[in-house]
Structures are given as C-alpha cells and as structure tokens.
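Contents: one structure, followed by commentary.
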Amino acid sequence: MSIPSETPNVVIENPKVRIIARTTLDVIGAVLGTVIAVDAAANGFDLTWLTVPAVAGWTYLRLVFGLAVDNTNTPKRI
C-alpha cells in the first residue's frame, strides 16, 4: 500500500525534477530578458525576429508549468 501524499494531485511527484524544471525555465527566461534588454539598447543588430517567438514559446511553457505543476503542488489551506 502506498503512503498518501500531502498533495495527492501533484503532476510531477519528484521534488528534484520539479526544481530542475522550474529552474531551467526561469534561467531561460532570465537569459531571454537579458538578450531583449541588450537588443533594445544596441543599434548594431536586431534580434526581434528571434526573441519574439522565443519569448512567446517560453511564456507558454512557463505558464503551463505553473498551472499544471506549481499550483497543484501548493498545499491548500483549509
């Protein structure tokens, strides 16, 4: 018989996997933000052809992860 979980509806049960996934997504977001800031400040090149679709994809993935994994892993107050 398995031990009941405090958060039984968790999509990713392994906390290490959740931390790695969240950290990876957040590092990608920080890198994209830095690239966008540098791109906006520099007149020598224009990377919007790359950054706009990258941010759109990253935003979608981060929101899905937040809704599907982070929210389900947050203990509910009674």
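The values are calculated or read from the model by the stated rules, or taken from the named source; none is laboratory data. Values in this document were obtained by computation on a predicted structure and should not be read as measured data. As a convention, Cβ positions derive from the backbone with ideal geometry for all residues, glycine included, and neighbour counts pool all protein chains shown. Surface areas here come from the heavy atoms of the whole protein model, side chains and all, with no ligands, DNA or RNA. Shrake-Rupley method; radii C 1.70, N 1.55, O 1.52, S 1.80 Å.
Observations on the model:
- Sparsely packed loop sites in segment 12-78 (the trypsin sites (Lys or Arg not before Pro) outside DSSP H, G, I, E and B with at most 10 other Cβ atoms within 10 Å) comprise 76, 77.
- The share of accessible area on segment 5-73 that comes from carbon and sulfur is 70 percent, using a 1.4 angstrom probe.
- Value in Å of the Kirkwood radius, where segment 16-69 supplies the Cα pairs that are averaged: 12.1
- Largest to smallest accessible area among 65, 45 [probe 1.4 Å]: 45, 65
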